[in-house]
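First the structure, in the form of structure tokens, and then the observations on it.
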Amino acid sequence: MTESTDESLQLTPIKSGLSVSFEFFPPKTAAMEETLWASIERLAPIGPRFVSVTYGAGGSTRERTHATVKRVLDETPLTPAAHLTCVDATRQHVDAVARRYHDAGIRHIVALRGDPPDAKSRFTAHPDGYQNAAELVSGLKRVADFELTVGAHPEVHPDARSAEADLDNLKAKLDAGASRAITQFFFDTGVYFRFLERARAAGISAPIIPGILPVTNFAAVQRFAAICGASVPGWMAELFQGLDDSPDTRQLVAATVAAEQCLALARQGVTEFHFYTLNRAELTVAICHRLGLKGGATRSGAQSSASGA
């Protein structure tokens, strides 16, 4: 029989006021819709601060996004946040979409510049539209007193002229009225903390919430990371090597990697996490369980607390 050691205490979940939010995308088919709502039902008892619903490239999912956030508001105890971009749209059009959200009872918007429908092309602002996310934030604040969340890029946005320019852009979005930023996914915790240190040195005091992507398909993550400028560590490639035809093992490895990432962040003061669920509940539920988040759900407050980091 092996003797117990103090190291076993590391398996105890962290229970120091951690909070989470979840991201979903609007379903395209009846089967995908069934999967989405099963996932929402499975994740709701965790009690996320909010759940966000994406807005397809070029606004391609506008109606499905609206229908999804409205159903979340009407049929669940959760607080929804609608994504909104300024791709291929006039200011008048974007403002009308925002007013429709407000009229429906949606008070939280994730304001993003957005990507063009063709992933290979570069963003070009509509001549009568918002030129960037900072302008979008200012415009939405004129429409209504929305709570606004924006994006941040620890490894620099692919379109940014430099890391400094990218940080200036983040500051402009927050100065325009956003209350927090959620990062693009990353896998090296050092990337997040170096970015956070630079942001604080630049005078950014708003919460910068780490975006966590549980890996369900490693090849797809590699492709997406190449597009958005995120790095994938070599050790991760080695972990997932040979698991293409072993979904159960792949799920176990994915949950372990993401949980350890969250625990490493939490041990250094992070208290809030945003999960890119890809409309699947299993991995996110397992990770939250490891973090000690298992409680019942209530109508979650729209105002998010600052990250402890």
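Computed quantities for the displayed model
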| read-out | value |
| --- | --- |
| Filter result for G308 (modelled with pLDDT under 95, surrounded by 15 or more Cβ atoms within 10 Å (Cβ to Cβ) and more than 30 Å from E33 (Cα to Cα)) | yes |
| L18 vs. criteria closer than 24 Å to P210 by Cα, crowded, with 18+ Cβ neighbours inside 10 Å and at pLDDT 95 or above | no |
| Residue in the range 46-65 that is assigned to a strand (DSSP E or B), among the polar types (S, T, N, Q) and surrounded by 15 or more Cβ atoms within 10 Å (Cβ to Cβ) present | yes |
| Count - residues of the range 228-256 that are touching a residue at least 60 places away in the same chain (Cβ under 8 Å) and surrounded by 18 or more Cβ atoms within 10 Å (Cβ to Cβ) | 1 |
| Test: residue in the range 210-232 that is within 19 Å of the chain's Cα centre (by Cα) and charged (D, E, K, R) | yes |
| Those residues of the range 147-161 which are farther than 17 Å from P207 by Cβ and modelled with pLDDT of 95 or more, in sequence order | E155 |
| Single unsatisfied condition, A160 versus (1) part of a loop (DSSP other than H, G, I, E, B); (2) surrounded by fewer than 19 Cβ atoms within 10 Å (Cβ to Cβ); (3) touching a residue at least 24 places away in the same chain (Cβ under 8 Å) | (3) |
| Search result, residues across the range 26-45 that are at pLDDT 95 or above and surrounded by 19 or more Cβ atoms within 10 Å (Cβ to Cβ) | L36, S39, I40, L43, A44 |
| Condition broken by G151, with the remaining ones in (1) more than 25 Å from R223 (Cβ to Cβ); (2) part of a strand (DSSP E or B) satisfied | (1) |
| Tabulated pairs, the range 167-190, first surrounded by 20 or more Cβ atoms within 10 Å (Cβ to Cβ), second of a type in the set (S, T, Y) and assigned to a strand (DSSP E or B), C-beta under 9 angstrom, 6+ apart or interchain | A178/T149; R180/T149; A181/T149; I182/S21; I182/S52; I182/T149; F185/Y276 |
| Meets criteria (within 21 Å of G56 (Cβ to Cβ), of a type in the set (S, T, N, Q) and surrounded by fewer than 23 Cβ atoms within 10 Å (Cβ to Cβ)) for T85 | no |
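Residue by residue, here is whether (1) farther than 25 Å from T284 by Cβ; (2) in contact with a Cys (Cβ under 8 Å, 6 or more places away or on another chain); (3) of a type in the set (G, A, S); (4) in contact (Cβ under 8 Å) with a residue 60 or more places away in the chain holds:
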position	(1), (2), (3), (4)
P45	no, no, no, yes
E63	yes, no, no, no
A67	no, no, yes, no
L78	no, no, no, yes
V87	yes, no, no, no
H102	yes, no, no, no
A111	no, no, yes, yes
N132	yes, yes, no, no
F146	yes, no, no, no
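The values are calculated or read from the model by the stated rules, or taken from the named source; none is laboratory data. These numbers were taken from a predicted model, which means no experiment stands behind them. Reconstructed Cβ throughout: ideal geometry from the backbone, glycine too, with neighbour counts over all protein chains shown.
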